[in-house]
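Working notes, beginning with the structure itself.
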Amino acid sequence: MRQPTRNVFTASEVRDFDRRAIDEFSIPGIRLMHRAGRGAFDVIRSRWPNARALSVVCGAGNNAGDGYVVAGCAKDAGFDVQLLPVGDPGKLTGEAMQACRFAQARLGAFEQQLDGWNVDGDVVVDALLGTGAKGAVRRPYQAAIDRINAAGKPVLSLDLPSGVDANTGGLLTAHPVRADVTVTFVATKLGLVTGDAVDFVGELHLDDLDLPEAVFDKPGVRVMAGAGLAALGRRPGAHKGDFGRLLVVGGETDMGGAVLLAGEAALRTGAGLVTIATRSENRAAILARRPELMVRGVEDPKDIADLVARASAIAVGPGLGREAWGAGLLGSVVGAGKPVVVDADGLNLVADAGIDLSPGTIITPHPGEAGRLLAESTSWVQSNRPEAATRLTGKSLRGVIAVLKGAGTLIAREGAVESVCLAGNPGMATAGSGDVLTGIVGALLARGMAPLAAAELGVWLHARAGDEARAGRAGSLIAGDLIGALRLTA
């Protein structure tokens with residue numbers, strides 16, 4: 001049993017691994033099914049050591065087969081087992097039928113559950129729908145899902161909670177199974193770590209079924225893990241000029257806090273010099289809070305021409321507003337030939353005015369901003385996060401590196417999802433958190449990191465800071481907590 005640190009994959013890629021194990025490595029499918037069921041039962045005994053009765057709710061495919069093995073293993077271990085087959089057991093084929101017979105040999109005959117039933121077990125095992133489920137959940141399965149959720153018992157889902165999409169993290173129903181623990185098999189599916197599905201997965205365990213490493217012949221989507229962190233160390237003779245100049249552009253009237261947060265985060269990420277270009281009325285307040293920042297009051301794009309020329313990198317968008325002042329500043333920096341990260345109102349202006357971005361530009365939209373860029377709803381983005389992330393790198397935004405923020409932040413470039421962040425927590429959903437990320441990524445660009453590396457390391461540093469800031473804290477986080485928890489060591 002492994003925690004989900006291996007790269008993550010689409011459902012079809014995982015099914016290919018399963019087929020390779022069977023066809024090329026001569027591991028019988030029923031053996032893999034038994035490994036899955038026995039492994040899941042071991043998790044049940046470890047997670048709920050006082051449980052003595054299981055209710056196993058099975059569908060009609062291989063996911064049901066895993067459930068039948070769990071039921072048989074539980075009976076062998078002296079558990080009381082309530083088996084609730086929603087699909088007709090008589091229609092099972094292949095390994096699923098063999099697993100059903102394994103359970104029948106221990107539990108006796110059982111029939112499809114068509115009418116109302118109660119959940120009697122101490123723990124419920126969800127073996128209804130597997131990774132191939134698509135479209136709306138059919139009525140008998142939705143009824144079973146509703147009964148599982150209404151039972152008020154701990155729930156372990158096999159491979160994924162029934163009612164979530166294994167590829168996208170979207171929901172196939174408004175009310176999927178809400179699992180306490182999900183044991184996923186062979187490899188972690190992308191849809192379990194991003195999007196709305198994360199609210200239903202619970203604790204995620206990976207059981208790779210002891211497959212040979214050679215089975216995994218596709219790279220999948222990288223899990224961010226702090227690659228490049230060692231490069232941020234400083235030699236004894238270093239001076240501030242070695243760490244780049246970052247220009248942070250934003251802060252319309254009444255929104256000066258956004259650029260302040262971005263600037264502070266950039267300083268803590270080690271940028272050598274950070275200059276904020278903002279509305280003149282923000283200058284005194286920013287300097288009073290953080291005198292280490294340089295601040296210029298700006299009324300016109302020509303006021304920052306010299307700052308743009310000297311900058312190693314530019315971060316634009318926090319508090320920028322969507323009026324002519326912000327649009328002028330955005331237009332003056334995105335085509336300057338410098339590494340750029342665009343966030344917040346900078347993205348809204350791109351969507352409003354169709355401003356072209358240079359290849360290599362990093363954009364960091366939340367789902368609402370992504371929806372505006374793609375002319376889609378926020379709910380569509382959340383239901384189709386991998387597709388949304390890849391589409392952000394095409395058409396008028398071709399060549400950009402897209403950071404689609406949210407649970408399971410995705411980074412895409414050139415029409416493909418490159419990586420996913422498994423760190424972070426819901427406490428980070430707070431005003432200013434995105435401005436902190438912009439400052440972190442901007443600082444890494446200023447320090448000379450390539451755009452993709454800066455985006456990935458920046459997202460990971462931001463998420464790790466959020467986790468460390470939340471540790472032991474009962475209340476909500478504020479964005480400044482993330483800056484205080486930033487650290488550039490392993």
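Points worth noting:
- Residues whose amide H falls under 5 Å from that of Lys189, counting only those 5 or more places apart or on a different chain, are Phe9, with hydrogens built in the peptide plane.
- Across region 314-326, rounded Karplus estimates of 3J(HN,Hα) from the backbone phi angles (6.51 cos²θ - 1.76 cosθ + 1.60, θ = phi - 60°) give 10, 10, 10, x, x, x, 5, x, 10, 9, 4, 4, x Hz, Gly and Pro being marked x.
- Note on region 267-365: Kirkwood radius taken over Cα pairs, Stokes-Einstein applied at 25 °C and 0.890 mPa s, translational D equal to 176 µm² s⁻¹.
- Apportionment of accessible area to carbon and sulfur, the chain, percent (1.4 Å): 49 percent
- Ranked packing of 101-107, 328-334, 161-167, 201-207, most packed first, by mean Cβ within 10 Å: 161-167, 328-334, 201-207, 101-107
- Helix-derived mean residue ellipticity, 222 nm - over the chain, DSSP H n ≥ 4, -39500 (n - 2.57), to 500: -11500 deg cm²/dmol
- For region 111-206, size of Cβ-based charge dipole, Lys and Arg +1, Asp and Glu -1, in debye: 280 debye
- Based on the Kirkwood approach, the hydrodynamic radius assigned to region 341-490 is 15.3 Å, with every pair of different Cα atoms included.
- Using θ = phi - 60° and Karplus 6.51 cos²θ - 1.76 cosθ + 1.60, couplings along region 42-57 (whole Hz; Gly, Pro as x): 4, 5, 4, 5, 6, 6, 10, x, 8, 5, 10, 9, 10, 10, 10, 9
- Long-range HN-HN contacts of Val81 with modeled amide H, under 5 Å: Leu54
- When only alpha carbons are used to place a centre, region 1-77 and region 272-318 end up 56 Å from one another.
- Those lysines that a straight Cα-Cα span of less than 21 Å connects to Lys405, excepting residues fewer than 8 apart in one chain: Lys189, Lys395
- J(HN,Hα) series, region 141-148, from Karplus relation 6.51 cos²θ - 1.76 cosθ + 1.60, nearest Hz, glycine and proline x: 6, 5, 4, 5, 4, 4, 5, 4
- Amide H contacts for Glu418 (H built 1.01 Å from N in the peptide plane; partners 5 or more residues away or on another chain; cut-off under 5 Å): Ile411, Ala412, Arg413.
- Antiparallel DSSP beta bridges within the chain, percent to nearest 5: 20 percent
- Accessible-area order (highest first, 1.4 angstrom probe) of the listed residues Arg385, Arg279, Arg234, Arg139: Arg139, Arg234, Arg279, Arg385
- Accessible area expressed per residue, region 76-171, with surrounding protein chains retained (probe 1.4 Å, Å²): 44 Å²
The values are calculated or read from the model by the stated rules, or taken from the named source; none is laboratory data. Every value quoted in this text rests on a predicted model; they were computed, and no experiment measured them. No Cβ is skipped: glycine too gets one built from the backbone with ideal geometry, and neighbour counts run over all protein chains shown. The protein model used for the area step is the full one, side chains on, heavy atoms only, and it has no ligands, DNA or RNA in it. Shrake-Rupley method; radii C 1.70, N 1.55, O 1.52, S 1.80 Å.
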